[in-house]
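First up is the structure itself, then whatever we jot down about it.
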Amino acid sequence: MSGRIVKVSGPLVVAEGLSNANMADVVKVGKLGLRGEILTMTGDRASIQVYEETAGIGPGDQVSTTGAPLSVELGPGLLENIYDGIQRPLTEIRAIAGSTITRGIDIPALNREKKWEFTPSANVGDSVEPGDIIGTVQETPSIVHKIMVPHGIKGTVEKIFDGSFTVTQTVAAVKLEDGSIREITMMQKWPVRKSRPYKHKYLPSQPLCSGQRVIDTFFPIAKGGTAAVPGPFGSGKTVVQHALAKWSDVDVVVYIGCGERGNEMTDVLMEFPQLTDPTSGEPLMKRTVLIANTSDMPVAAREASIYTGITIAEYFRDMGYDVAIIADSTSRWAEALREISGRLEEMPGEEGYPAYLASRLAQFYERAGIVECVGSQSRRGSLTAIGAVSPPGGDLSEPVSQSTMRIVKVFWGLDAGLAHARHFPAINWLNSYSLYLDNLRPWFDENLGKSFLKNREKAMAILQEESELQEIVKLVGIDSLSDKDRLTLETAKMIREDFLQQNAFVDTDNYSDYERQAMLLEIILKYGELSQSALSQGAKLQDLINIEAKEVIGRAKVVPIDEYKEEYTRILKEMTEQINKTKARGELDD
């Protein structure tokens, strides 16, 4: 079915003569066959957003519909790949077109020629239903790709094969209940705007360990949870998201560069192949899918990239894996919505964003969760969604930030002042929060003891008190404070510099497991507690600040991983002895 273009307005094309087309159908526009998607239908007139540059297209050019919605190809070959916003493989495009992406290139997302070693796990005569695993492919050393029965197929396995196959070759045949035979390949397609089904969604109850102390101890996110990382330009959003992608204890990472600057995506593309996965020892790319959609790419493709990424993430979740999707940034995606909405001449909402901005954001984040996967075989998978927000000028009152904060359960507020002071991660501990603490409390109590969350609350109280004392210091100077308050400031400084601050370029400090975090925080709080007690019994403030162990605590976070338990135990013992000596000296002086 084809029609003719009557209007071109940037990425928006209006065509008529498409009476049999449907909303959300993918169309081919112009002589180059540029890919687009129908947004609205009025009679036989369709408004189409085109995912490529529309220069040179004009009224009278032909538009043909494919009759299918925008879909992604799911199967072996996704991992280690780099896609654009509509799942075109950029590595293969570069091999054909060189360094510039030529318009109209249409390359399959999954390599049609590469053969994968398929190992069947189902037998002839087995009853299968959608979601059942019928075989596996060792896609990378880190990940076993599970081949699942596509949706809409339920019956008995008639044939199943063993050996090397391409993603389009038949690996099994299923006899349906009506007697017809359906062949199954290793590849399936799924429309990106429709979430993949599941049996049941559970409340998140286990933390996602990121190795970042300010996140894991102070503002934890649960596996299957949602988080936002808002902050102004230069505050370290990308730094935080890179750290999460590198170190989070998930099986698969889907990283979406949604309208960010090209150099930031280049950092990811250059770094990830060289990084080692701490759990498997393999390169990090072996469990990563990258979607590179930079700020100089067509704006409409940003809108699709978010959905492309989360559909791929849901596919791996359905295999029973823990998946993290990291979107950098949803503000650029919202800008694409605003651009298209403006060209559609829709009634604008606040700051020109469409009135449905909040519902679209909610549709994205609600696809996260920990679920019971479909199929007769019982398995659970989780999908954790983390989105950066880039408010202009760091103004968190703008619509994208406000809508996101109403949806997500974790808020890591970044602070440009901390970033300029070289305090990374630059997460401000006074305005960030996590609403998962009550859900995660049983896990923390069981695995780290009840003291862990108590220590967190003590540390947060000390940092809050420091903030109030700093206001007094600014007004009347530090000399106006009592020794007790000055010691509180010193303890807070240790929490900030020795615990919260982390160096991504130091191998022993870029990742910290939960046990190490608990021990380090315990030492710092013990210092504050013992010193306050000694102070009340006559010890001098300066003597307590100058004890040797305090300097050692400052270097404790870079102690080698295999030595920290013994070293932290020794530090705690020596610190206690030194504070007791200082106390005894103060009592003698009295």
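The values are calculated or read from the model by the stated rules, or taken from the named source; none is laboratory data. What you see is a predicted model; the values in this text were computed from it and never measured. Every residue, glycine as well, gets a Cβ built from its backbone with ideal geometry; the counts of neighbours run over all protein chains shown. These accessible areas exclude ligands, DNA and RNA; they are computed on the full protein's heavy atoms, side chains included. Shrake-Rupley method; radii C 1.70, N 1.55, O 1.52, S 1.80 Å.
Structure above, values below:
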{"read-out": "Lone unmet requirement of (1) closer than 30 Å to LEU244 by Cα; (2) surrounded by fewer than 19 Cβ atoms within 10 Å (Cβ to Cβ); (3) among the basic types (Lys, Arg) for ARG516", "value": "(2)"}
{"read-out": "Selection count where residues are open to solvent by less than 10 Å² (accessible area, probe 1.4 Å), in a loop (DSSP other than H, G, I, E, B) and not polar (S, T, N, Q), scope region 197-211", "value": "2"}
{"read-out": "The one condition in (1) under 30 Å from the mean Cα position of the chain (by Cα); (2) open to solvent by 40 Å² or more (accessible area, probe 1.4 Å); (3) within 20 Å of MET319 (Cα to Cα) that ARG112 fails to fulfil", "value": "(3)"}
{"read-out": "Failed item, numbered, when THR294 is tested on (1) more than 22 Å from ARG94 (Cβ to Cβ); (2) open to solvent by 10 Å² or more (accessible area, probe 1.4 Å)", "value": "(1)"}
{"read-out": "Matching residues in region 136-164 - criterion: being in a loop (DSSP other than H, G, I, E, B), open to solvent by 10 Å² or more (accessible area, probe 1.4 Å) and farther than 16 Å from SER376 by Cα", "value": "GLU139, PRO141, SER142, PHE161, ASP162"}
{"read-out": "Boolean, ARG496 is closer than 14 Å to PHE218 by Cα and either in a strand (DSSP E or B) or in contact with a His (Cβ under 9 Å, 6 or more places away or on another chain) (or both)", "value": "yes"}
{"read-out": "Residue in region 408-421 that is at pLDDT below 95, open to solvent by less than 10 Å² (accessible area, probe 1.4 Å) and not in a loop (DSSP other than H, G, I, E, B) present", "value": "yes"}
{"read-out": "ASP438 being open to solvent by 50 Å² or more (accessible area, probe 1.4 Å) and either assigned to a helix (DSSP H, G or I) or more than 30 Å from GLN363 (Cα to Cα) (or both)", "value": "yes"}
{"read-out": "Region 365-400, residues that are of a type in the set (S, T, N, Q), within 20 Å of TRP333 (Cβ to Cβ) and at pLDDT 95 or above", "value": "THR384"}
{"read-out": "Criterion (in a strand (DSSP E or B) and either among the small types (Gly, Ala, Ser) or closer than 22 Å to ASN293 by Cβ (or both)) met by exactly one of ILE370, ILE325, ILE340", "value": "ILE325"}
{"read-out": "Residue among VAL167, VAL214 that is assigned to a loop (DSSP other than H, G, I, E, B) and at pLDDT 95 or above", "value": "VAL167"}
{"read-out": "Qualifying residue in region 366-374 (condition: in contact with a Gly (Cβ under 8 Å, 6 or more places away or on another chain), open to solvent by 10 Å² or more (accessible area, probe 1.4 Å) and farther than 30 Å from ASN428 by Cα)", "value": "yes"}
{"read-out": "Selected residue (only one of GLU80, GLU52, GLU92 is in contact (Cβ under 8 Å) with a residue 60 or more places away in the chain, more than 22 Å from VAL323 (Cβ to Cβ) and either basic (Lys, Arg) or not in a strand (DSSP E or B) (or both))", "value": "GLU52"}
{"read-out": "Filtered residue count, region 166-194, keeping only those that are open to solvent by less than 30 Å² (accessible area, probe 1.4 Å) and either basic (Lys, Arg) or touching a residue at least 24 places away in the same chain (Cβ under 8 Å) (or both)", "value": "10"}
{"read-out": "Any pair with Cβ under 6 angstrom, 6 or more apart, that starts in region 246-259 at a residue that is touching a residue at least 40 places away in the same chain (Cβ under 8 Å) and ends at one that is hydroxyl-bearing (Ser, Thr, Tyr) and surrounded by 24 or more Cβ atoms within 10 Å (Cβ to Cβ)", "value": "TRP247/SER210; SER248/SER210; VAL253/THR288; ILE256/SER305; CYS258/SER305"}
{"read-out": "Residue satisfying all of: in region 547-584; farther than 24 Å from SER533 by Cβ and in a loop (DSSP other than H, G, I, E, B); least open to solvent (accessible area, probe 1.4 Å) among these", "value": "VAL559"}
{"read-out": "Options ASP498, ASP509: the member that is open to solvent by less than 40 Å² (accessible area, probe 1.4 Å), touching a Gly at 6+ places or on another chain (Cβ under 6 Å) and within 30 Å of THR238 (Cα to Cα)", "value": "ASP498"}
